[in-house]
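A short worksheet on the structure shown next.
The values are calculated or read from the model by the stated rules, or taken from the named source; none is laboratory data. Predicted, not measured: the structure shown is a model, and the values here were computed from it. For neighbour counting, all protein chains shown are included, and Cβ atoms are generated from backbone atoms with ideal geometry for every residue, glycine included.
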Amino acid sequence: MKLSTKGRYGLRAMFELAKYYGKGPIPLRNIANKQSVSDNYLEQLIAVLKKEGLVNSVRGAQGGYMLAKQPKEITVGEILRALEGNIAPTDCAVEDEEFTCEREKHCVTKVVWVKIRDSVNEVIDSITLQDMIDEEKKLSNNDGYMYYI
């Protein structure tokens, strides 16, 4: 299972918005520059995230985008599902979707695909944007220091 650029770039954009949460709207161009994503592509992703209620926009000279909820209230899973759809390794493992397979009643591999789906969903639903911010702080605190024992 591989995420498309929609999921990867969208998560990076949401992370950028999370870092500036509470500081007002951030212009799209700033997000695009910081995350090395084209303005046009990012605009398409933000439109989907806005429609899903994860992002708000403010018009005008001081306008831009901001998170619709606190970083601790938005999971990676919400973001990825908004942009990618259901996260499943195969069509037969997609939840709440009609899929007919002639092998379904006797398919042992479907059990594997469902376990993979459930494991991935459990992980992405357990990580919030706040967790990502906290992780970045840990990583940046370790920069430049070399420890010897």
Taking region 91-122 only, how many residues are out of contact with any Lys or Arg (no Cβ under 9 Å at 6 or more places or on another chain), touching a residue at least 24 places away in the same chain (Cβ under 8 Å) and among the aliphatic types (A, V, I, L, M)? 2
Could you tell me whether any residue of region 74-90 is surrounded by fewer than 16 Cβ atoms within 10 Å (Cβ to Cβ), out of contact with any helix residue (DSSP H, G or I) (no Cβ under 7 Å at 6 or more places or on another chain) and either touching a residue at least 60 places away in the same chain (Cβ under 8 Å) or more than 22 Å from TYR20 (Cα to Cα) (or both)? yes
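Return the residues of region 18-28 that are out of contact with any Gly (no Cβ under 9 Å at 6 or more places or on another chain) and surrounded by 12 or more Cβ atoms within 10 Å (Cβ to Cβ); say none if nothing qualifies.
Residues satisfying the conditions are ALA18, LYS19, TYR20, TYR21.
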From the list VAL94, VAL111, VAL58, VAL120, which one is within 24 Å of GLU135 (Cα to Cα) and either at pLDDT 95 or above or not polar (S, T, N, Q) (or both)? VAL120
Can you tell me which residue in region 55-72 is surrounded by the most Cβ atoms within 10 Å (Cβ to Cβ), limited to those that are in a loop (DSSP other than H, G, I, E, B) and either of a type in the set (Ser, Thr, Tyr) or free of Cβ contacts under 8 Å to residues at least 24 places away in the same chain (or both)? ALA68
Can you tell me which residue is nearest to the chain's Cα centre (by Cα) among those in region 96-141 that are surrounded by 14 or more Cβ atoms within 10 Å (Cβ to Cβ) and polar (S, T, N, Q)? THR128
